[in-house]
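The values are calculated or read from the model by the stated rules, or taken from the named source; none is laboratory data. It should be emphasised that the depicted structure is a prediction, and the values quoted were computed from it without experimental measurement. Cβ: placed from backbone, ideal geometry, glycine included. Neighbour counts: every protein chain shown.
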Amino acid sequence: MLLNLKQILAPAKQRGFAVGAFNVTESTMFRAVVEQAEELKAPVIIQVSPNEFEFCDREQYLYFVERLQHSPNPFVLHYDHGKTYEGCVRAVQAGFTSVMFDGSHLSYEENVRAVRRVTEMAHAASVSVEGEIGSIGETDNFEAGTVKDMIYSTPEDARQFWEDTGVDALAVSIGTVHGLMPRGYVPVLQLQRLREIAAAVDVPLVLHGGSCTPAQEVAEACRSGISKVNVSSEFKNAYYQSIKDFVLADPIKVSPTLVAKDAVQQVRRVVCEKLNLFGAVGMAGDYRAPARERPTGEALPAVD
Ligand code: 13P
């Protein structure tokens, strides 16, 4: 069953769990995440960032849409960290049921203007929109680097942004960082800040940078207002480490069915761990398929 973000996050917000959102690029990882979610009967968001979107061709997303639509398990296909209006239109045209416009690098006014434009276009196709207020930190080098560009969200800004844009989900910055952590760096979540933001808005909140963050703090965040947690680097790292170990140990065996066999299990292990942590296991029963076919993005304006 293919839903939008609003539909998949409503039961999560109501019942106090979070839906896992996993960034996949290609079909092996896609299958590993989807099959693990189905086995655990957990709602899951499959998301694709702009670079990943450009890396694959349109036919791949026809397959993603078809596979998710025919599953009894609830899924969303979400375009993550869109940086342009045109990118968001292309995702809607490719069958995505949700898009994020990340205007965190813009001024408040520019961010609002851009998100409103995307929201108008996306809502006309029953596609949901995620925005971001504040700025989630980035690592510049995971071995010896530092964390940069973190601007914490405030309850006042979150409320104003939500009212000004009408977004369906709001990413907030409370101390997580995108990517693998620099050596010795442990993210500390500002849970009191999160509770104050959650009290100020009536929209599901999103935690980016779900990799390598202390498990108990993430679990507490899911009970304190976070309804969606994004995870990417941690399971990709597990996948590629496994492939590297296999190839170094046995460079002659080049069959993908052998090389990727354990790597797929590593992805499933991380996904299973996270879904348990977020309280999402077994929650698929809370969802019903939408009553009517959603409109497609085919009538949208042409973009380059
Ligand atoms: P991580 O790579 O830190 O898990 O972050 C993923 C993310 O937030 C994608 O939007």
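So how many residues does the range 39-51 have that are within 16 Å of the ligand (Cβ to nearest atom), more than 13 Å from the chain's Cα centre (by Cα) and buried (at least 17 other Cβ atoms within 10 Å of the Cβ)?
Within the range 39-51, residues that are within 16 Å of the ligand (Cβ to nearest atom), more than 13 Å from the chain's Cα centre (by Cα) and buried (at least 17 other Cβ atoms within 10 Å of the Cβ) number 0.
Kindly evaluate ARG223 against the criterion of being within 23 Å of PHE22 (Cα to Cα) and of a type in the set (Lys, Arg).
Spelling it out, ARG223 is indeed within 23 Å of PHE22 (Cα to Cα) and of a type in the set (Lys, Arg).
Take ARG294 and tell me if it is under 23 Å from the mean Cα position of the chain (by Cα) and either within 16 Å of the ligand (Cβ to nearest atom) or at pLDDT 95 or above (or both).
In short, no.
Anything in the range 232-257 that is among the aromatic types (Phe, Trp, Tyr) and either closer than 27 Å to SER173 by Cβ or within 15 Å of the ligand (Cβ to nearest atom) (or both)? List them, or say none.
PHE235, TYR239, TYR240
Any idea which residue in the range 1-38 is farthest from the ligand (Cβ to nearest atom), counting only those that are of a type outside the set (A, V, I, L, M) and free of Cβ contacts under 8 Å to residues at least 60 places away in the same chain?
GLN14
Do we have GLY282 as surrounded by fewer than 16 Cβ atoms within 10 Å (Cβ to Cβ) and in contact (Cβ under 8 Å) with a residue 40 or more places away in the chain here?
Considered against the rule, which asks whether it is surrounded by fewer than 16 Cβ atoms within 10 Å (Cβ to Cβ) and in contact (Cβ under 8 Å) with a residue 40 or more places away in the chain, GLY282 comes out as yes.
Could you tell me whether the range 258-271 includes any residue that is assigned to a loop (DSSP other than H, G, I, E, B), away from the ligand (no atom under 15 Å from the Cβ) and touching a residue at least 40 places away in the same chain (Cβ under 8 Å)?
yes
If I ask for residues that are more than 21 Å from ASP168 (Cα to Cα), in a loop (DSSP other than H, G, I, E, B) and in contact (Cβ under 8 Å) with a residue 12 or more places away in the chain, which ones from the range 61-77 would you list?
SER71, PRO72, ASN73
How many residues are surrounded by 21 or more Cβ atoms within 10 Å (Cβ to Cβ) and part of a helix (DSSP H, G or I) if we restrict to the range 14-29?
Number of matching residues: 1.
When you scan the range 66-77, do you find a residue that is crowded, with 22+ Cβ neighbours inside 10 Å, within 16 Å of the chain's Cα centre (by Cα) and closer than 30 Å to SER107 by Cα, even just one?
Checked the range 66-77: at least one residue is crowded, with 22+ Cβ neighbours inside 10 Å, within 16 Å of the chain's Cα centre (by Cα) and closer than 30 Å to SER107 by Cα.
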